[in-house]
1. What are the residue pairs meeting all of these: first residue in the stretch 27-49, first residue within 14 Å of ARG167 (Cα to Cα), second residue surrounded by 10 or more Cβ atoms within 10 Å (Cβ to Cβ) and aromatic (Phe, Trp, Tyr), Cβ atoms under 7 Å, and 6 or more apart or on different chains?
2. Being touching a helix residue (DSSP H, G or I) at 6+ places or on another chain (Cβ under 7 Å), closer than 29 Å to LEU36 by Cβ, in contact (Cβ under 8 Å) with a residue 12 or more places away in the chain and of a type in the set (Phe, Trp, Tyr) is the requirement here; does PHE166 meet it?
3. Could you run through the stretch 109-142 and say how many residues are assigned to a loop (DSSP other than H, G, I, E, B), without any contact (Cβ under 8 Å) to a residue 24 or more places away in the chain and among the acidic types (Asp, Glu)?
4. Within the stretch 103-132, which residues are surrounded by fewer than 11 Cβ atoms within 10 Å (Cβ to Cβ) and either closer than 22 Å to THR74 by Cβ or acidic (Asp, Glu) (or both)?
5. Taking into account only those residues within the stretch 107-126 that are within 19 Å of the chain's Cα centre (by Cα) and not β-branched (Val, Ile, Thr), which is modelled with the lowest pLDDT?
6. Would you point out the residue of the stretch 62-88, among those that are in a helix (DSSP H, G or I) and charged (D, E, K, R), that is nearest to VAL186 (Cα to Cα)?
7. Please go through the stretch 23-66 and pick out each residue that is among the hydrophobic types (A, V, I, L, M, F, W, C) and over 27 Å from THR159 (Cβ atoms).
8. Just to verify a result, which residue in the stretch 37-57, among those that are under 16 Å from PRO85 (Cβ atoms) and among the β-branched types (Val, Ile, Thr), is farthest from the chain's Cα centre (by Cα)?
Amino acid sequence: MKRNFWKKIKHSMQDSSGSITVEFVIWFPVLMFWLLGTIVFFDFFKARSNLSTANATIADIISRNSEVTDDYITLLHNTQTAMLPRTSGNGLRISSIQFTIDPAIPAHTGDYTVEWSAIRGGALDVLVDADIDVASLPNMYDGETLLFVESSVPFVPLTSYLGITFRTLRNEIAISPRYESRVVWVNP
């Protein structure tokens, strides 16, 4: 009986008829996780790249103008929406910021003031002087104005199993007006 038992054990150790099935059961979840992860991360970086491209295009378009109106900002938001496929709820905030130094105050580092700000879609509130993030602006000279274009778009991944959950992607660009010293807000 002992001999029969050891003979069966020895035979089963040499038998490899089910090894491919066992390997498949072990490796299939790993490969599927890797494939799904690749798709989700590619989708994330593609959405981020599309937002960056759309924001740069909107910034370039508005920097070529000398004046803007409420209808023009709506047109820019519609352009942004068309450039961001498969998304809804995108937001756009465009602000004109001026930097001034008061020569009457010794060692005055300068003040940033919002000349005008407009929002469309799911953007934040209108930009006010207290909310200006100086770290995100380039160095400016006295009297210079720039356009600060901020875009946002919600990103919903295909799956949240990979650690990427719903988030709002944001992009911001500071750009100087091209042909004029400032872009003026016109109320029709």
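1. PHE44/PHE155; ALA47/PHE155
2. Spelling it out, it is not the case that PHE166 is touching a helix residue (DSSP H, G or I) at 6+ places or on another chain (Cβ under 7 Å), closer than 29 Å to LEU36 by Cβ, in contact (Cβ under 8 Å) with a residue 12 or more places away in the chain and of a type in the set (Phe, Trp, Tyr).
3. Adding up the residues that qualify gives 2.
4. Result: ASP125, ASP129.
5. ALA123
6. So, considering only residues that are in a helix (DSSP H, G or I) and charged (D, E, K, R), the one nearest to VAL186 (Cα to Cα) is ASP70.
7. Matches in the stretch 23-66: ALA56, ILE58, ALA59, ILE61, ILE62.
8. THR57
The values are calculated or read from the model by the stated rules, or taken from the named source; none is laboratory data. Worth saying up front: this structure is predicted, and the values here are computed from it rather than measured. Neighbour counts run over all protein chains shown; Cβ positions are idealised from the backbone, glycine included.
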